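Taking it in order: structure first as structure tokens, then the write-up.
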Amino acid sequence: MAFIKSKPWTSLTIVLTMLLVGVNAYFVFKDDSKITRSYYIDEFQKAYKGTNTERVKKETIVAPAETYTLTADATSLSAVNVKRGQKVSPNDVLATFKSEEVDNELTKLEAERAAYETERSDLEDALSQIENDYDDADPKSSVNTDQINGTLSVTLQLELGQQSSPSTAIALLNRHIAETDRQIALMDAQIEQIQAREGVVSPVDGVIAAVKEESGTVTFEIYSTEKTMLAYLSEDEWQKVSEGQTVDFKVKHMKDSLSGTVLEKQTIATDDSSIWGNELAKTTDLPQPTNYEVVLQQDEPMEDIPFSTTGKASIIVNEASDSYKIDKSWVHATKKKGKKIYIVGPDGKIDMKDIHVNFKTAQSAIFTDSLDEGTPMISDKQRNLTAYAFRTMPVEKIQWKHFKKLDWKHYVKYIVF
């Protein structure tokens, strides 16, 4: 108090100065301050070009590329020659027909073949007779069917009687002969097939998945040797995934990663009858309430990997080369639905950059707009443009090679000064 009374003007000056500094500090450092000031930047990201991707990552299961189902009448079989888990090759006999069943089938086919042979002989006789009776030297305007071999069918005789010229009748007979030849060839093929196999044969290389007998029918289910990968997508993931997209795989018991593509995706939701969906659900939670099966085809075959082996797939659903990546929470949305980011320019001042976001991942926004390499990008916090930004620590890490460039004069200078 004595100081204030003895020097009132000095005291008043000090109070006014402190008040001015306080008011200035308030307006400078309040959140919505319009006064240009320097900002301390405690975190930032540098803009570097690269290839950035958005991925859908899913658990997968190894399944057959194809499943084949063959059936046979149980009463016609004398033996079933395979069991579940057995490997088979094309034309391996899965089940043998009873000998009497084979004989009956052969007898029937041979009788049909003999009938076609007789029909062909009759057609050739009729053709020969017409060609002899109606030669070029004595053309007739119509065909006399009474003179043609009576063993021809009634229908064919009527057709011949309706022809206006012998040449048309000859063409008709040749067409019937060609059709009869086709039927004889078909009979021969069927007879040869039954004689060769004498049972149900495998159409592919594969493994027997099941042998079932129900309602008098034996069913063979075969998994192809070629394998594929299955994954199950949610509705949102289904919208992002497309056939032909690139996939990276990691499969249990395989040291090397695999690459491949999305081969097919289902438009019908998976139900309780899905063998592979139910199998995968034993080790991982499938998307709920619905999920959709997608077939993923690896580029390299998976040998010695059993069915139902689980793995992981990473499906590239978006990709941008020569693009930049920034924390998506740092992207500033404008009232006009544009996107901007805060950057620090070459002069050290804060600026805003317009960008077009190509796509977003779980953590980042990807954009391809023009930007200088190494430009610091800072978080979306309100700052005054043209203000300076600074850091208390070096931006680049100090490395041992930097010290090796200094000689004893530099050290003396740093110590003294």
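Across region 29-38, not a single residue is classified as out of contact with any helix residue (DSSP H, G or I) (no Cβ under 6 Å at 6 or more places or on another chain) and either under 30 Å from Ala209 (Cα atoms) or modelled with pLDDT of 70 or more (or both). Every test in (1) modelled with pLDDT under 75; (2) among the charged types (D, E, K, R); (3) within 52 Å of the chain's Cα centre (by Cα) is passed by Asp138 save one, and that test is (3).
Scanning region 304-320 for residues that are open to solvent by 80 Å² or more (accessible area, probe 1.4 Å) and within 19 Å of Ile208 (Cβ to Cβ) turns up just one, Asp304.
Mind listing just one residue for me: the one in region 321-361 that is within 34 Å of the chain's Cα centre (by Cα) and within 18 Å of Glu43 (Cβ to Cβ) and, of those, most open to solvent (accessible area, probe 1.4 Å)? Only one residue tops the list, namely Lys325. Flag set for Leu230, criterion: under 16 Å from Val56 (Cα atoms), of a type in the set (A, V, I, L, M, F, W, C) and outside any loop (DSSP other than H, G, I, E, B). Suppose the filter is closer than 25 Å to Ala65 by Cβ and in contact with a strand residue (DSSP E or B) (Cβ under 6 Å, 6 or more places away or on another chain); does Asp272 pass it? In short, no.
For the structure I just gave you, tell me whether Glu303 is without any contact (Cβ under 8 Å) to a residue 60 or more places away in the chain and either assigned to a strand (DSSP E or B) or within 19 Å of Gly260 (Cα to Cα) (or both). Against the criterion (without any contact (Cβ under 8 Å) to a residue 60 or more places away in the chain and either assigned to a strand (DSSP E or B) or within 19 Å of Gly260 (Cα to Cα) (or both)), Glu303 qualifies. Filtering region 362-376 to residues that are of a type outside the set (Ser, Thr, Tyr) and under 29 Å from the mean Cα position of the chain (by Cα) leaves Ala362, Gln363, Ala365, Ile366, Phe367.
State the number of residues belonging to region 200-222 that are out of contact with any Asp or Glu (no Cβ under 6 Å at 6 or more places or on another chain) and crowded, with 20+ Cβ neighbours inside 10 Å.
5
Restricting region 258-297 to residues that are small (Gly, Ala, Ser) and in a loop (DSSP other than H, G, I, E, B) leaves a set whose member that is least open to solvent (accessible area, probe 1.4 Å) is Ser274. For region 362-387, the set of residues classified as surrounded by 15 or more Cβ atoms within 10 Å (Cβ to Cβ) and among the hydroxyl-bearing types (Ser, Thr, Tyr) consists of Ser364, Thr368, Thr375, Ser379, listed by residue number. Output yes when any residue across region 85-103 is open to solvent by 70 Å² or more (accessible area, probe 1.4 Å), part of a strand (DSSP E or B) and either β-branched (Val, Ile, Thr) or within 15 Å of Tyr223 (Cα to Cα) (or both), and no when none is. Checking region 85-103: at least one residue is open to solvent by 70 Å² or more (accessible area, probe 1.4 Å), part of a strand (DSSP E or B) and either β-branched (Val, Ile, Thr) or within 15 Å of Tyr223 (Cα to Cα) (or both).
The values are calculated or read from the model by the stated rules, or taken from the named source; none is laboratory data. As the structure is a prediction and not an experimental result, all values here were calculated from the model. Cβ coordinates were reconstructed from backbone atoms using ideal geometry, including for glycine residues, and neighbour counts include every protein chain displayed. Each accessible area value is taken on the protein alone, full model and side chains, heavy atoms only, with ligands, DNA and RNA left out. Shrake-Rupley method; radii C 1.70, N 1.55, O 1.52, S 1.80 Å.
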